[in-house]
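These notes concern the structure reproduced below.
The values are calculated or read from the model by the stated rules, or taken from the named source; none is laboratory data. What you are looking at is a predicted structure, and each value in this text was computed from that prediction instead of being measured. A quick note on method: Cβ atoms are made from the backbone with ideal geometry, for glycine too, and the neighbour counts reach across all protein chains shown. Just so you know, the surface numbers come from the protein's heavy atoms only, side chains and all, with ligands and any DNA or RNA stripped out. Shrake-Rupley method; radii C 1.70, N 1.55, O 1.52, S 1.80 Å.
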Amino acid sequence: MARTEWLTIEGTGTTVTIDTAGGSLEPINRVASGTYDMGIGDINSLIKFRDANPSIPMKAVFMFYNKPAFSIVGRKSRGVEKPKDLEGKILGAPAPDGAYAQWKIFVQANGIDASKVKIENVGFPVREPMLQNGQVDAITGFSFSSFINLKSMGVPTDDIVVMLMADYGVNLYGNTIIVNPKFAAEKPEAVKGFLRALVKGLKDTAKDPATAVDSVIKRNDVAKKPIELERLRMALKDNILTDEVKANGYGAVVEERLAKSIDQIALTYEFKNGKPKAADAFDASFLPPAAERKAN
């Protein structure tokens, strides 16, 4: 897979390149193998991966989505407006999807009879088109991506129902920056430099989303600015610039909240090596000082 130059971190002499990856598990596997030094992936999947692979002490070092975008997205015209409406319906869910990984927690939190919901394993590219044409009644996905994709396909916005799992009892963190443990040990300054650059980029993005999208458009000639700008603004509002981030700054976690999220994971996942502590999954030592991470 070809790599695309992304940025040079000032003061470290490090050039960062980026590749795309499918789903929330693939980045974790790539970083764990050492094929990639760092990646962005779901911290809940990381916690399960660490339990299944105790010899790979990989940790998260920066919380990107303070509030995860995991969602169930349905259509009013298909009879889906609230969680219980999924009973008797078809849910399109890619097997490796990060949102689908939280399905059992969502079911338990909302009293859904899962035996009455037909789960259809669908590919990522056809997920929204299948909901558009009525082959499924709802899908799992990221709120801002699925909503914008459906809207761009001509589905009326007042027919689209986005159930952000975080608003329906799924109290988890979301995507995080993960680092290969060998790379972190050998090049800690490169990790710290990357996170400093990331914080600067997040601040600039929050201040001027339109310019941030222009940067994306330069690197992706298929992307359309109005669509990506709306998507970005949704992500900033719902997932990145949360009240917690405004209070504590970018990148950090509240250990008590992370510990409670691990308790919730344990409701539907049996830990083979004992339930981990928050500090087992997240290493805050690479973060810039709190004053530098303060949200604008």
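Determine whether segment 232-255 contains at least one residue that is assigned to a strand (DSSP E or B) and within 19 Å of PRO289 (Cβ to Cβ). Checking segment 232-255: at least one residue is assigned to a strand (DSSP E or B) and within 19 Å of PRO289 (Cβ to Cβ).
Condition check: outside any loop (DSSP other than H, G, I, E, B) and either at pLDDT 95 or above or in contact with a Pro (Cβ under 9 Å, 6 or more places away or on another chain) (or both). Does ALA190 satisfy that? It is false that ALA190 is outside any loop (DSSP other than H, G, I, E, B) and either at pLDDT 95 or above or in contact with a Pro (Cβ under 9 Å, 6 or more places away or on another chain) (or both).
Restricting attention to segment 104-122, the residues that are out of contact with any strand residue (DSSP E or B) (no Cβ under 6 Å at 6 or more places or on another chain) and either open to solvent by 60 Å² or more (accessible area, probe 1.4 Å) or farther than 13 Å from VAL73 by Cβ (or both) add up to 13.
A single entry from ASN273, ASN248 fulfils the requirement of being surrounded by fewer than 15 Cβ atoms within 10 Å (Cβ to Cβ) and of a type outside the set (Val, Ile, Thr): ASN273. Among the residues of segment 88-125, write down those that are charged (D, E, K, R) and outside any loop (DSSP other than H, G, I, E, B). Listed by number, the residues that qualify are LYS104, LYS116, LYS118, GLU120. For segment 37-60, the count of residues that are open to solvent by 30 Å² or more (accessible area, probe 1.4 Å) and without any contact (Cβ under 8 Å) to a residue 12 or more places away in the chain is nonzero.
Restricting the first member to segment 269-296 and to residues that are within 17 Å of SER55 (Cβ to Cβ), and the second to residues that are in a loop (DSSP other than H, G, I, E, B) and open to solvent by 30 Å² or more (accessible area, probe 1.4 Å), the beta-carbon pairs closer than 8 Å and six or more apart or on different chains are ASN273/PRO54. Among the residues of this structure, LYS224 does not count as one that is open to solvent by less than 60 Å² (accessible area, probe 1.4 Å) and farther than 17 Å from SER143 by Cβ.
With the requirement that a residue be open to solvent by 40 Å² or more (accessible area, probe 1.4 Å) and either at pLDDT 95 or above or touching a strand residue (DSSP E or B) at 6+ places or on another chain (Cβ under 8 Å) (or both), what does segment 168-180 give you? Selection gives TYR168 alone.
Scanning segment 74-94 for residues that are open to solvent by less than 60 Å² (accessible area, probe 1.4 Å) and of a type outside the set (Asp, Glu) yields GLY74, ARG75, GLY79, VAL80, PRO83, LEU86, LYS89, ILE90, LEU91, GLY92, ALA93, PRO94.
Counting only residues that are in contact with a helix residue (DSSP H, G or I) (Cβ under 7 Å, 6 or more places away or on another chain), in contact (Cβ under 8 Å) with a residue 60 or more places away in the chain and either under 20 Å from ASN171 (Cα atoms) or open to solvent by 30 Å² or more (accessible area, probe 1.4 Å) (or both), segment 19-36 holds 5 of them. Which of the residues belonging to segment 131-147 are outside any strand (DSSP E or B) and closer than 23 Å to LEU25 by Cα? Selection gives SER143, PHE144, SER145, SER146, PHE147.
A single member of ALA295, ALA279 is among the hydrophobic types (A, V, I, L, M, F, W, C), within 21 Å of the chain's Cα centre (by Cα) and outside any helix (DSSP H, G or I), and it is ALA295.
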